[in-house]
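One structure is given below, encoded as structure tokens.
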Amino acid sequence: MDTQAYSKISNAALIQELYRRYRCQEEALRKRIVLLGMPGAGKGTHSAKMLARFCMCHLSTGDLLREEVRSGSEFGKKLKGIMERGELIEDEVMCNLIKQQLAKPACANGAILDGFPRTIPQAEKLDQILKQSGQSIDQAIFMNVREQVVVDRLGGRWTHLNSGRTYHYKFNPPKVHGVDDITGEPLVQREDDKEATIRNRLNVYQNKTSPIIDYYRKKGILFEVNAERPVNDIWKDIKTIVKTK
Ligand code: AP5
Ligand code: MG
């Protein structure tokens, strides 16, 4: 047991994770689910709920890349500039990253893919990677929301860096201002949540990512939810979809 690594995690976070693993033993659906939608659609917010409810790993490529940036590595320095401009990282880099992550034991009971794939070549490569182990994407959930809504959401977002948990100062505030509910650690604003970068992220989404919606529609595995409603209403729909065979 790596006690050094565990010592960095708060008791509250550890107990919550133990409880989640115990409870979700009965809920192992063994599905691979892609969450699709514009920046700010609520992919991270609902991934956290899915993680707490079902036995799946949460693969947020944005969180993984931000972790690399925080490590201060040479690779992280290259990523930082691209992400702060709201551009996409190369497909090959992203596909290698997701392949490594999917092979981890935590993903054996299923995976929530949040922020991947983001281009058609990434979607095609993901299918190839999964096929090698006899798997496939079971469902793609498209969180549909208008641009004007996400601009407001991203401008007020606060993030807990270690877990990726997100809050909104108005729509989803933490119990104590500026502090994560579970760990008590400080919340920060993301570098790419500035208005000019948000606009570029939305352009990139329209040009490169939105064609993926049709990619999954043609496969007959696309489920659409209206993501402009309150979080609890959206969550009810997502739970129903995930439990659908
Ligand atoms: P990433 O981290 O994936 O960012 P994103 O797609 O831009 O999405 P966000 O995290 O901004 O939005 P979200 O849908 O998770 O919304 P959230 O739940 O937080 O990627 C960042 C960067 O990494 C990319 O720009 C790119 O450079 C790079 N990258 C990542 N993956 C890549 C890939 N595959 N290929 C290439 N490059 C890649 O919610 C937003 C806010 O709204 C929160 O404050 C939340 O509290 C609030 N909120 C959520 N739902 C509601 C609701 N229903 N009502 C009111 N408020 C709500
Ligand atoms: Mg996110």
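Confirm whether residue 118 is touching a residue at least 40 places away in the same chain (Cβ under 8 Å), within 30 Å of residue 10 (Cα to Cα) and under 19 Å from the mean Cα position of the chain (by Cα). No: the conditions fail for residue 118.
Listed here are the residues, each with its yes/no results for (1) in contact (Cβ under 8 Å) with a residue 60 or more places away in the chain; (2) in contact with a His (Cβ under 9 Å, 6 or more places away or on another chain).
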| residue | (1), (2) |
| --- | --- |
| 8 | no, no |
| 12 | yes, no |
| 34 | yes, no |
| 51 | yes, yes |
| 79 | no, no |
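Filtered by the rule that a residue be part of a helix (DSSP H, G or I) and either without any contact (Cβ under 8 Å) to a residue 24 or more places away in the chain or polar (S, T, N, Q) (or both), the stretch 140-153 gives 148, 152.
Restricting attention to the stretch 56-88, the residues that are of a type in the set (A, V, I, L, M, F, W, C) and open to solvent by 20 Å² or more (accessible area, probe 1.4 Å) total 6.
Checking 17, 67, 90 one by one, the residue that is away from ligand 2 (no atom under 15 Å from the Cβ) and within 27 Å of residue 208 (Cα to Cα) is 90 and no other. Under the condition of being within 8 Å of ligand 1 (Cβ to nearest atom), touching a strand residue (DSSP E or B) at 6+ places or on another chain (Cβ under 7 Å) and at pLDDT below 95, the residues counted in the stretch 54-106 number 0. Within the stretch 198-215, being over 18 Å from the mean Cα position of the chain (by Cα) and open to solvent by less than 60 Å² (accessible area, probe 1.4 Å) holds for 200, 211, 215. Across the stretch 19-51, which residue is most open to solvent (accessible area, probe 1.4 Å) among those that are over 21 Å from the mean Cα position of the chain (by Cα) and either under 19 Å from residue 165 (Cβ atoms) or at pLDDT 85 or above (or both)? Filtering the stretch 19-51 for residues that are over 21 Å from the mean Cα position of the chain (by Cα) and either under 19 Å from residue 165 (Cβ atoms) or at pLDDT 85 or above (or both), the one most open to solvent (accessible area, probe 1.4 Å) comes out as 19.
Picking from 213, 137, which residue would you name as being within 23 Å of residue 90 (Cβ to Cβ), in contact (Cβ under 8 Å) with a residue 12 or more places away in the chain, more than 16 Å from ligand 2 (Cβ to nearest atom) and part of a loop (DSSP other than H, G, I, E, B)?
Within the list 213, 137, the selection yields 137.
Count of the stretch 168-184 residues, restricted to those that are near ligand 1 (Cβ under 9 Å from one of its atoms), outside any loop (DSSP other than H, G, I, E, B), open to solvent by 20 Å² or more (accessible area, probe 1.4 Å) and free of Cβ contacts under 8 Å to residues at least 24 places away in the same chain, is 0.
As a summary of the residue check, residue 116 satisfies the conditions (1) under 22 Å from residue 163 (Cα atoms); (2) in contact with a Cys (Cβ under 9 Å, 6 or more places away or on another chain); (3) open to solvent by 30 Å² or more (accessible area, probe 1.4 Å) except for the one numbered (3). Among the residues of this structure, residue 44 does not count as one that is within 19 Å of residue 216 (Cα to Cα), within 11 Å of ligand 2 (Cβ to nearest atom) and touching a residue at least 60 places away in the same chain (Cβ under 8 Å).
The values are calculated or read from the model by the stated rules, or taken from the named source; none is laboratory data. Keep in mind the model is a prediction, meaning the values are calculated, not measured. As a convention, Cβ positions derive from the backbone with ideal geometry for all residues, glycine included, and neighbour counts pool all protein chains shown. Side chains included, ligands, DNA and RNA excluded: accessible areas come from the protein's heavy atoms. Shrake-Rupley method; radii C 1.70, N 1.55, O 1.52, S 1.80 Å.
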